[in-house]
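One structure below.
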């Protein structure tokens, strides 16, 4: 009885095991303090909205907290906090829930457009991405954006236009880069005319289709108008200053993005398997994609190109490309399964080798950013350093440190302080008044590094974990 059920529902069972593994890995991270962008922007922002009340309007958050972003994610997290409480554990549990939904959605969308094996492979490959494993407990936008992008694509190609309007609007009200998907759909609509080769295609029909496609853009436009009326600008001025228009910088950024998407963390093997599977599909496989399946694959290729190019004009972070990775693993799974559908003796070894190629990189702590599990190490050493200074009762001591630690020492909501008492006398410049210096290899600048050799300072305490360290120096006594 059990074996037939396992055989029938094996893909769902494996997906469940993957989700359980994710929860086991991430549960200890739910109580960690906020870190990086989460620490000085999004974490404090959702707590502030919890206090002032959930809102989707630009006035729902001060621009210093919202950075001009649409506020759907903040709105949902603050509602979650209203139900379960205003703690870091609660906010991070919301992020983990969204991550679980992303894995389930990859499976469901893959199964809907292709088959269950495609959805399962895509979900497993996504789970094994270091950036996903890290971000799945971060109160940041990218996993939620990826989730909404998947369902926007599903709704569009299934011609569920009411759902498309809902998911697409949620997409752009989460982050501005959601517009890249809408623009890709606009380009795709023109391409689709040539694919369909319909002689009766009219201008009125095309206009109607574009009005549907652009509904999310109209919603975002309404948000921008309200933001202009509220603050006097459409986009956050600081973000506009970061926009890159130099051809040399754009070309350099395109190369960086290529490396992030296709090379980092063993993703080159995704391309290798995709190439091998594509060759096998055309020369070996008798099972062929339907027209709809080809449309989805080609649309994803267009979307990747547009997102890649448009992202080169602004600040780059590895996590920004989670949505691209989600679509890549979907295509890899689809082509791989279709190519070897009739040759299971080849399919299973290739799938296992592909999973192994990603698992090699998945659980490493070799980086301290928010794109790998190594993020845990700097959080812990910085927290321990701050708690050490609390035990010293150094709240009024003149302390030199850098941006992130300075923020963590001032705001209890971030989670590094043991109570509500903050450090009140910090600076970023060395002077004769500095009594303690707190230096971490996160944000380590040449000036800070050289300060470690300053003869006026001596090492008081070093905290080290993995590749992360934080040192506390005190002024030498004469």
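Taken together, the values in this text are just the output of simple stated rules run on the coordinates, not laboratory data. Being a predicted model, the structure only gives us computed values, none of them experimental. Every residue, glycine among them, receives a Cβ derived from its backbone with ideal geometry; neighbour counts consider all protein chains shown.
Panel values: segment 137-273, Kirkwood radius from alpha carbon pairs, Stokes-Einstein at 37 °C and 0.692 mPa s, translational diffusion coefficient 186 µm²/s.
Between the beta carbons of residue 226 and residue 313, assuming R0 = 25 Å, the FRET efficiency works out to 0.50 to the nearest 0.05.
Calculated FRET efficiency, residue 345 to residue 25, Cβ-Cβ distance, R0 = 35 Å: about 0.60 to the nearest 0.05. Taking all C-alpha pairs of segment 220-335, those more than 20 Å from each other amount to 57 percent.
Rounded, prolate or oblate, given the Cα gyration tensor of segment 1-155, with a/c below 1.5 counting as rounded? Because a/c hits 1.5 or more and a/b exceeds b/c, segment 1-155 counts as prolate.
The equivalent ellipsoid of segment 374-475 has semi-axes of 19, 17, 12 Å, largest first, where each one is the square root of 5 times an eigenvalue of the Cα gyration tensor. Among beta bridges identified by DSSP and lying wholly in the chain, the antiparallel ones come to about 75 percent.
Distance from the Cα centroid of segment 108-163 to that of segment 26-81 is 23 Å (rounded to whole angstrom). Relative to the longest principal axis of the Cα atoms of the chain, the long axis of helix 43-52 lies at roughly 90 degrees. Between the Cα long axis of helix 142-157 and the first principal axis of the chain there is an angle of about 20°, rounded to the nearest 10. Shape index of segment 337-401: Rg/Rh, with Rg the Cα radius of gyration and Rh the Kirkwood radius from the inverse mean 1/r over Cα pairs, equals 1.44. In this simple spin-label approximation, residue 64 and residue 254 carry label points 7 Å from Cα along the Cα→Cβ vector, and these lie 4.0 nm apart.
A Förster radius of 30 Å, combined with the Cβ-Cβ distance separating residue 194 from residue 271, puts the computed FRET efficiency at roughly 0.65. Applying 0.36 nm per residue to the separation of residue 447 and residue 290 and subtracting their alpha-carbon distance, the gain on full extension is 50.6 nm.
How far is the Cα center of segment 323-376 from the Cα center of segment 408-478, in Å? Cα centroid of segment 323-376 versus Cα centroid of segment 408-478: 40 Å apart.
Using the Cα coordinates of the chain, the gyration tensor eigenvalues translate into equivalent-ellipsoid semi-axes of 43, 27, 21 Å, sorted from longest to shortest.
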